[in-house]
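All remarks here apply to the structure that follows.
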Amino acid sequence: MQPLIDVIDIYYTRFQIDFGFIDAKQFAGLENSQARSGIKLNFHFNAALTTVNIAKVMQLSNPLTKENSFSMALANSCFIIP
């Protein structure tokens, strides 16, 4: 039987992965591909998930938003050029 802290770590990691997919679906166009080829779909999925990861790195590297938890909605509003 696994210790309780291991179970908590596993669920924490699972939810972090899940939030990445949710952000990719809502803000990075993960589901907006019309490609049929496996190679093209693979590229599209990687591009959408990479966009979320880059936004997360940009938010964590900014001293003004470093303390906040990551939100793709916040990143969307901060990085839009008027």
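Return the pair list, or none, for Cβ contacts closer than 6 Å from residues in region 59-78 that are modelled with pLDDT of 70 or more to residues that are surrounded by fewer than 10 Cβ atoms within 10 Å (Cβ to Cβ), at least 6 apart or on different chains.
Qualifying pairs under 6 Å: Leu60/Lys66.
Say we look at region 38-53 and pick out the residues that are more than 9 Å from the chain's Cα centre (by Cα) and surrounded by 11 or more Cβ atoms within 10 Å (Cβ to Cβ); which of these is farthest from Ala75 (Cα to Cα)? Please lay out each step first, then the result.
If we filter region 38-53 for residues that are more than 9 Å from the chain's Cα centre (by Cα), which is where we start, we get 38-47.
When the remaining residues are screened for being surrounded by 11 or more Cβ atoms within 10 Å (Cβ to Cβ), the result is 40-45, 47.
Details: Lys40: 27, Leu41: 25, Asn42: 24, Phe43: 23, His44: 20, Phe45: 20, Ala47: 17 Å.
Once the filter is applied, the top-ranked residue is Lys40.
Restricting the search to region 54-72, which residues are surrounded by 14 or more Cβ atoms within 10 Å (Cβ to Cβ), part of a helix (DSSP H, G or I) and under 11 Å from the mean Cα position of the chain (by Cα)?
Residues satisfying the conditions are Ala55, Lys56, Met72.
So how many residues does region 11-37 have that are free of Cβ contacts under 8 Å to residues at least 24 places away in the same chain, of a type in the set (A, V, I, L, M) and either surrounded by 11 or more Cβ atoms within 10 Å (Cβ to Cβ) or at positive phi (or both)?
3
Scan region 1-35 for residues that are closer than 21 Å to Leu74 by Cβ and of a type in the set (S, T, N, Q) and report the count.
Count: 2.
The values are calculated or read from the model by the stated rules, or taken from the named source; none is laboratory data. Here the structure is a predicted model, which means the values were calculated and not measured. For neighbour counting, all protein chains shown are included, and Cβ atoms are generated from backbone atoms with ideal geometry for every residue, glycine included.
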